[in-house]
Amino acid sequence: MKQKTASTKSKNSHLTSASLSAEQKLLLYRNLTRAMTLDRLMVRLLQAGSLLGFYHDSGISAAAGVAAGSFLRQEDIMFPHSRGHGIGHMISKGINVASYVAEHMGREAGCCKGRSSYHWSYPDDHVHGFSGNVGAGFGLSVGWGLAARNKRSGQIVMSCSGDGSYGNGRSHEAMLMTSIWKLPVIFWCEANGMVQHTNIDQLFPGPDISALAAGYGMPSMIVDGEDLFACGEAALAAIAHTRAGKGPFFVECKTRRAGGHAVGLPNLEGTALRDQELMQEWRATGDPLKRASERLIAEGLLTLAQAEQIQADADKEGAEMVAFSEASPRALPSIEELEAAVYAD
Ligand SMILES: Cc1ncc(C[n+]2csc(CCOP(=O)(O)OP(=O)(O)O)c2C)c(N)n1
Ligand SMILES: [Mg+2]
């Protein structure tokens, strides 16, 4: 069975990338440091038995989500991708996710009072729901895009998902409707070549998911999803296009999943489907943060001391979120409360 590798070249079918300023590159770098630090923290918390439920780590694929969030405005709408539980996407958009960590830890201080597991939202920050139903964000993205256009609010919708979600028919309805109505929606596809335990080439008949966009008259770009700055440039181009009222835009970030579907699940070890040595090599050589720091240092935009400080800040941020969560009582709702939340009178 063929395994997907991240593309090393960008194929930009319709637009050229906007180039990034030094400030924008450093913003991306700081956000990726924070995202990867929190991702590792969530893995540790799960392994220590401190999280309720599960965690789908982002690992070496964190760069795309960070780029998706970093240049949005506060009022823009985002549907984060489920990998990394959307943490990188949301912190990059400027959302304080301490209450999200608390939510995972089942605490009263959680954004849904520790009762939601995976089904939370941050409406004040324009993240409207997160679902275990893969592809659920597509329909909502159309609705929010339509509202933004009709109200002339200037908002755009960043609709993030994996390559697997494009097997859901709703994605096609969303692409059709946003294109016909010229809605400000970005289809941000984080294509890691995997759909839970299945390789994408068993489920999609072509090399590029973004080829779908052409069928709906929508411009698209393909970028190396492990190149933080290529993803950042794609985000800027897509944001400029949608904000200008030119309709939807599709970005495919090619990346890889070097681990199992969720922390603790087997990575199809012992089967021919996943080459474990290759996965190990990806983990050893595919760190997008290392790649980004080498580039910034070579360009004279970052020193080792500054990189260490950024890492120390991220460690502190994570520790503060855990302390915030642990200071809050465990959510132990009564049966009556749970029933009231499930059944209508
Ligand atoms: C409608 C629906 N079908 C199937 C599933 C089971 N499922 C959970 S995650 C997942 C894979 C999603 O693939 P992708 O969107 O590429 O995300 P990735 O796991 O690769 O990050 C599937 C099929 C689901 N949650 N919802
Ligand atoms: Mg996938």
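Checked against (1) in a loop (DSSP other than H, G, I, E, B); (2) at negative phi; (3) of a type outside the set (Val, Ile, Thr), Gly69 passes all but a single condition, namely (1). Quick check on my filter: what residues within the range 162-218 are in contact with a Lys or Arg (Cβ under 6 Å, 6 or more places away or on another chain) and in a loop (DSSP other than H, G, I, E, B)? Within the range 162-218, Leu183, Asn192, Gly193 meet the criteria. The listed residues are Ala136, Ala211, and the only one of them that is under 29 Å from Leu28 (Cβ atoms), out of contact with any Pro (no Cβ under 8 Å at 6 or more places or on another chain) and more than 12 Å from ligand 1 (Cβ to nearest atom) turns out to be Ala211. Of all residues assigned to the range 222-233, none qualifies as being touching a Phe, Trp or Tyr at 6+ places or on another chain (Cβ under 8 Å), surrounded by fewer than 23 Cβ atoms within 10 Å (Cβ to Cβ) and either within 25 Å of Met279 (Cα to Cα) or modelled with pLDDT of 95 or more (or both).
I'm trying to understand the selection: among the residues of the range 248-269, which are on the phi > 0 side of the Ramachandran plot and touching a helix residue (DSSP H, G or I) at 6+ places or on another chain (Cβ under 6 Å)? So that I can check it myself, show each step before the final result.
Of the range 248-269, the ones on the phi > 0 side of the Ramachandran plot are 264, 268.
Within the range 248-269, none qualify.
When the residues of the range 42-62 are filtered to those that are assigned to a helix (DSSP H, G or I) and within 16 Å of ligand 2 (Cβ to nearest atom), which remaining residue is farthest from Ala284 (Cα to Cα)? Per the stated criteria, the residue is Ala62. Within the range 48-75, residues that are modelled with pLDDT under 95 have Cβ atoms under 6 Å from residues that are within 12 Å of ligand 1 (Cβ to nearest atom) and charged (D, E, K, R) in no pair, counting only partners at least 6 apart in sequence or on another chain.
Could you run through the range 38-56 and say how many residues are among the aliphatic types (A, V, I, L, M) and surrounded by fewer than 16 Cβ atoms within 10 Å (Cβ to Cβ)? Before the answer, list the steps.
First pass over the range 38-56, keeping only residues among the aliphatic types (A, V, I, L, M): 38, 41-43, 45-46, 48, 51-52.
Still in the running and surrounded by fewer than 16 Cβ atoms within 10 Å (Cβ to Cβ): 48.
Total satisfying the criteria: 1.
Just one of the numbered conditions (1) within 14 Å of ligand 1 (Cβ to nearest atom); (2) in a helix (DSSP H, G or I); (3) among the small types (Gly, Ala, Ser) is not true of Gly143: (1). Of the helices (runs of 4 or more DSSP H) lying entirely inside the range 271-345, the ones with 2 or more residues being within 30 Å of Gln24 (Cβ to Cβ) are found at 276-285, 288-298, 304-326. In summary, Met221 fulfils each of the numbered conditions (1) more than 14 Å from Gly59 (Cβ to Cβ); (2) out of contact with any Lys or Arg (no Cβ under 9 Å at 6 or more places or on another chain) with the single exception of condition (2).
The values are calculated or read from the model by the stated rules, or taken from the named source; none is laboratory data. Small disclaimer: the values here were computed from a predicted structure and weren't measured. Glycine gets a Cβ as well: all are built from the backbone with ideal geometry, and neighbour counts include every protein chain shown.
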